[in-house]
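Here's the structure, in structure tokens; my notes come after.
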Amino acid sequence: MIAESCSLLTAAALEDDDRVFEMGDYQGPIARWCSGCGDHSVLTASQRLMTENQLKPETTVFVSGIGCSSRFPHYMKTYGFHGIHGRALPVATGVKLTRPDLDVFVVMGDGDCVSIGAGHWIHAIRYNLDMVALLLDNNIYGLTKKQTSPTTPQGYKSNTQPRGSYLPPMNPLETTLGVTNASFVAQTAEWVPAHLFATLKAAYEHRGFAFVRILQRCPHFTPDIYGEVVKDPDRIELLQHPEGIQAEGLDKIYTNQIRHDPADLHHARELAEDSSAIRLGLFFRDESRPRYEETRALPKYTARQKIDILNEEFERYAV
Amino acid sequence: MAMKLPTLDAEASTGKDVHVHRVTDHSVEVVSDSGEGAQKCGQIFGSVSAKMGNGVWTVEIIPAEVEPPPRNPAGASGIRIRLGDREVTNWGDETNLVVAFNEQALLGRHELNALAHDATILVESMWATHPNPDVRAEWDAAMEVLSEKDYRIIQVPMEEQCLTVVDNPRKGKNMFALGMLCWIFDRDLEKAKDQIAYTFRKKKQEITDRNVELLQLGYAWAEANLDFRYDIPTMKDDVPKVVMNGNDAIALGAVAAGLELAAMYPITPATSVSHMLGEVFDNYGGVLHQAEDEIAAAGVAIGSSYAGKCAFTITSGPGLALKTEFLGLATMTEIPLVLVDVQRGGPSTGLPTKVEQSDLLAAIFGQPGDAPHVVLAPATIEECFTIMATARRIAESLRTVVMVLSDANLATGVAPFARPQLSEASYPAPPDQRPIPEGLRPYDWDPKTGLSRRFIPGQPGGEHTVTGLAHDERSKVAYDAASVQRSHDMRSRKIAAFQNTLLPPEINGDPEGGELLLVGWGSTKGAIEEAVERGRREGLSVSSTHLTFLSPLPPGLKEIFGRFKKVMTVEINYSDKPGDPFINEQNRRRGQLSWLLRASTLVDVDCWTRVLGEPLRPAKILQAIRENMPNGGAA
């Protein structure tokens, strides 16, 4: 078809375009998050990642749900999809299944991913589509003004549980590592920019569903949850391994380190479960896991060919 | 006990004096316990009859459970096949000939008033002499009940006969029954054999051979023992035809429409669309995505459409409810989406396998916030095929949600229709990847039409974020009064512009007008038109019109209604009947289409609706016509 060959030509022409992208080429309008919000760090790290990997703005799609962090796509100069609460992953699945050529990033908050969208989260891990899924976890509902989220620490007071959260929080790492076909699970923190950037980069370069939980402070509603941790690097334990996250210049500050081979799922689960330290790093990676879009990659046909096949199909029903 | 002797009379068993009845319209049922293959028998019989040139409509009788307890009237499973000497557009009224594998399934059909008072019944004889006295007692009790009517009951030793060929007659009676039907209706045995071979093509050859043997056995038994046959004239036309059910037609229609991704979650009675797609979609480079839930299915389809290829999702009432928020999002972001709702009885889980047309208002108005979109309903199995291309084109050109309301009647009804002519023009172009000209904005609404050009990821210069929040032309979040009003206007205007291109519906009967006009939508068309035709033959001044577009409604309705003394919708959904306790003109809850028509035309549109868990019968509609004729109905 003429239109088809046209678009292929356009795509081919763009392949060897000589554009060089700088940070500013990925920056949308000034973000309207509170000052001190962890979302700012993630936005900057993402723009830096795009610059470093020279991603094309037009073939990059940021998909989000609803919540403070879900405003994210609006502040990127790429394609963006600001959808509905909890449902970023199905939208992203549709995008990637249809257009494996696009780079897809999913930005979710803890209410979005771990609560209302939990079902989609579990299944997206299993589908293992090649995309980056960021959980911006500040342990609270911010946009709707301080309601308990599934990751709110036990006893932490909110407007819906003013006498303190009743139950132990859900641990997104444990959950993710428990899902069959998980292929990339990492944790990082917005206040460690070098680690955050290195983690995003590893996630982007992973072929499969890269799940990154980003520990965040909400300066308005949960400034205290990680307040002490930010001041005291010893409360953090870095996962170290040649196959893990390689962030420059952290060794002197974060002396508390543990060797962990990201191929070792059992050890990863043990580390995720153990609450004695806050661990940053790559818990698990396995690129050999089947990717859904690959299993569903089907040959493309012209309209003429489709008509021929359909006519053959009609033979089954012919009277 | 006064009951008709359910035995073969001597005359019948000689097979010598066969009476051939000439009929133009005949309905046959095969009923059994679940899993005994009655449906397969009926499907093959229907296909063979269609191939011979009869009009055919088959509809499955499906219990809600996969395998309900055996020998239970409520668990009757089977199929009805209506044959005609002309095109058959609906399942008809009552069944004239029944093949029953046990008397309890038969009793179930009797209790539903499915059988004509003088129906001929061929029933498995083994239960009458069963070693278990309880079974024999059940048989006797059933025969007592059945003797209320003038049925002619003939006992047939199906089990005994089948055991001469197979060890497990549960797996063979259906083909024996097919053999009997083939003799009774003088069907071409070669065509039946071909159809058996086709049906079992994925199984071992010996399965086909065994089934052909059973077919011949049934044929020979009928020839030797039965004293009646039916001669039903066939039509000869050269139009090549295909025969399938409405769900298969939707699936193949979607392929022909160039839809490349279907996202769904299993739900009766919609699921068989995806069975068909699961089988054939890969062949065309299409993707059938079985999502983790109904909501995700909508989300995946929307993501796919956003990425440049119009996708669709398939569901039924409960699933439509779950998808609601996403439908609002697609409307707000102006992302094309086709949604197929194969309606079933409701509310809630309702009647999963049975028909209702109760989702109309939910489909049109069910999304919180003002969410204008398009709602269509196919009226025939052929339209199930063609409507998918229409739906895709509307969805893409209007950047809108298009809902297609089919129902369980079309989903399971099987009828032949003219083989579709396919054209390359019906396929969409691949996603536009050309650069976006500078200055163009993602919602550059044309104030005259509300339409705007869609940007697709991959197009350089078109980068923007779509959002479910209120937004302006640049897709920027905008809560100011002017932007909010304007975007509402534009989303509504494109629907109005589209409505302006529609034609008034055609009148079946007398376009000049008359006493009574019936208005229908969806799968009831065949039954309504048949009733109108019979009424007109009786001299009644009745006509009908049928709406494909439910939202927006086509133009000219008020003017058309003005030509008739009385206008009444005929629907398979609930309405209070005049005279019901507490009910008066003001508080009466009405049929869903009649609400819509009253609101949009200010004409006093009455309604006649039934929710019986079955398609409407032409005879019942005819009765309603007679009862609702103004001035007694003289033409």
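Worth pointing out:
- Distance between region B:463-499 and region B:107-127 - C-alpha centres, whole angstrom: 60
- Computed extension gain for A:Gln161 through A:Asp261, at 0.36 nm per residue and net of the alpha carbon distance, reaches 32.1 nm.
- Between region A:234-254 and region B:534-549, the alpha-carbon centres lie 80 Å apart.
- Using the Cα coordinates of region A:114-219, the gyration tensor eigenvalues translate into equivalent-ellipsoid semi-axes of 26, 17, 10 Å, sorted from longest to shortest.
- Compactness of the protein assembly as shown - radius of gyration and Dmax, Cα, Å: 32.3, 106
- Set of aspartates and glutamates with alpha-carbon distance to A:Lys231 below 14 Å, sequence-local pairs under 8 removed: A:Glu190
- As computed over region B:64-106, the Cα convex hull volume per residue (Å³): 97
- Label separation (A:Ile253 vs B:Val239): 7.7 nm, computed from points 7 Å beyond Cα along the C-beta direction.
- Segment B:Leu602-B:Thr449, extension gain: residue separation times 0.36 nm, minus the distance between their alpha carbons: 52.4 nm
- Rounded Å value of the spacing that divides the Cα centres of region B:343-392 and region A:9-88: 38
- Its alpha carbons give region A:210-319 an Rg and a Dmax of 25.0, 80 Å.
- Each Lys or Arg adds one and each Asp or Glu subtracts one; over the other residues with Cβ under 13 Å from the Cβ of B:Asn211, this totals +4.
- Exercise: per-residue mean of other protein chain Cβ atoms within 10 Å, B:251-264: 2
- Here region B:507-633 is assigned +1 on the Cβ of each Lys and Arg and -1 on the Cβ of each Asp and Glu. Its dipole about the Cα centre then comes out at about 120 debye.
- Computed E for A:Ile30/A:Glu52 - FRET, C-beta separation, R0 25 angstrom, nearest 0.05: 0.65
- Proximal charge balance of B:Met388 [Cβ under 13 Å; K/R count +1, D/E count -1]: -3
- Qualifying GluC sites (Glu not before Pro) for region A:168-270 [loop in DSSP, other Cβ within 10 Å: at most 16]: A:Glu243, A:Glu248
- Cβ-based net charge around B:Ala425, under 13 Å, with every Lys or Arg adding one and every Asp or Glu removing one: +3
- Normalised per residue, the volume of the convex hull around the Cα set of region B:507-633 (Å³): 103
- The per residue volume of the convex hull around the alpha-carbon atoms of chain A is 167 Å³.
- The loop-placed trypsin sites (Lys or Arg not before Pro) in region B:548-635, going by DSSP, that have at most 16 neighbouring Cβ atoms within 10 Å of their Cβ come out as B:Arg563, B:Arg588, B:Arg589.
- In region B:243-421, Rg over Rh equals 0.93, where Rg is the alpha-carbon radius of gyration and Rh the Kirkwood radius from pairwise Cα distances.
- Candidates per chymotrypsin sites (Phe, Trp or Tyr not before Pro) in region B:205-282, loop by DSSP, up to 11 other Cβ within 10 Å: none
- Exposure rule at most 13 other beta-carbon atoms within 10 Å, DSSP loop GluC sites (Glu not before Pro): chain B longest free segment: B:149-437
- With 32 Å as the limit, the listed pairs B:Lys241/B:Lys525; B:Lys236/B:Lys558; A:Lys96/A:Lys157 have B:Lys236/B:Lys558; A:Lys96/A:Lys157 beyond it between alpha carbons.
- Inter-chain neighbour count for B:428-439: the average number of beta-carbon atoms from partner chains within 10 Å of each residue's beta-carbon is 4.
- Helix-only mean residue ellipticity at 222 nm for chain A, each DSSP H run of n ≥ 4 adding -39500 (n - 2.57), per residue, nearest 500: -9000 deg cm²/dmol
- Given R0 = 51 Å, the distance between the Cβ atoms of A:Arg304 and B:Arg626 translates into a calculated FRET efficiency of 0.40.
- Taking a ≥ b ≥ c as the square roots of the eigenvalues of the Cα gyration tensor, an a/c ratio of 1.5 or more together with a/b no larger than b/c marks region B:435-501 as oblate.
No value in this document is a laboratory result; all are computed from the given coordinates. If you're wondering where the values come from, they're calculated on a predicted model, not measured in any experiment. Every residue, glycine among them, receives a Cβ derived from its backbone with ideal geometry; neighbour counts consider all protein chains shown.
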